[in-house]
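Undergrad: Okay, handing you the structure first.
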Amino acid sequence: MTICIQCGGEPKYKCPTCCKPYCSVACCKEHKQSPCSAPPAPEPSSVETHITYDYPTEDTVSPEKLELLEKSQEVKKCLENLHVREILEQLDKSPHPDELIQEYMQEPIFTELVDACLNVVEPSSDFEK
């Protein structure tokens, strides 16, 4: 339970600068007498790196490699295409995405995205080992 930073009462408001809770105009005025500052900005996170897989397989992609997808210019370029984004939305909404993928793999624009993703998570040098 949060309490007012001045009197310990039940807060109804937050300071617009430091976001600390206060309960009344009087407590706000008292708080403003001493300078406050904005809370530190949270570190931006790319991909949640606390991913755990219940049933990993030899095809499971590591969280580190998933982070590389976010930084890939080739993948970003593919995602600029509206048709590719529509395909991904359909796959996401589908109760049977495995069946749709078979269909979409016939579309060159989708296979271009798939190839771009594979180039990031399984570079050709990995195959040669």
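The values are calculated or read from the model by the stated rules, or taken from the named source; none is laboratory data. None of the values given here were measured: they were computed from a predicted structure. With ideal geometry, Cβ positions are generated from the backbone for all residues, glycine too; neighbour counts draw on all protein chains shown.
Undergrad: Being hydroxyl-bearing (Ser, Thr, Tyr) and touching a helix residue (DSSP H, G or I) at 6+ places or on another chain (Cβ under 6 Å) narrows it down to one of 72, 62, so name that one.
TA: Sole residue among the options that is hydroxyl-bearing (Ser, Thr, Tyr) and touching a helix residue (DSSP H, G or I) at 6+ places or on another chain (Cβ under 6 Å): 72.
Undergrad: Further question: Pairs please, first residue from segment 18-34 and closer than 8 Å to residue 6 by Cβ, second anywhere and among the polar types (S, T, N, Q), Cβ atoms under 7 Å, 6+ apart in sequence or on different chains.
TA: Short answer, once both residue conditions are applied: 22/6; 27/6; 30/6; 31/6.
Undergrad: Another question, then. What residue, of 51, 3, is closer than 24 Å to residue 120 by Cβ, without any contact (Cβ under 8 Å) to a residue 24 or more places away in the chain, surrounded by 11 or more Cβ atoms within 10 Å (Cβ to Cβ) and not assigned by TED's automatic domain parsing to the domain that holds residue 122?
TA: Result of the check over 51, 3: 51.
Undergrad: Let me ask something else. Mind telling me which of the residues 88, 113, 118 ends up being at pLDDT 90 or above, of a type outside the set (S, T, N, Q), within 17 Å of residue 59 (Cα to Cα) and part of a helix (DSSP H, G or I)?
TA: Unique residue meeting the criteria: 118.
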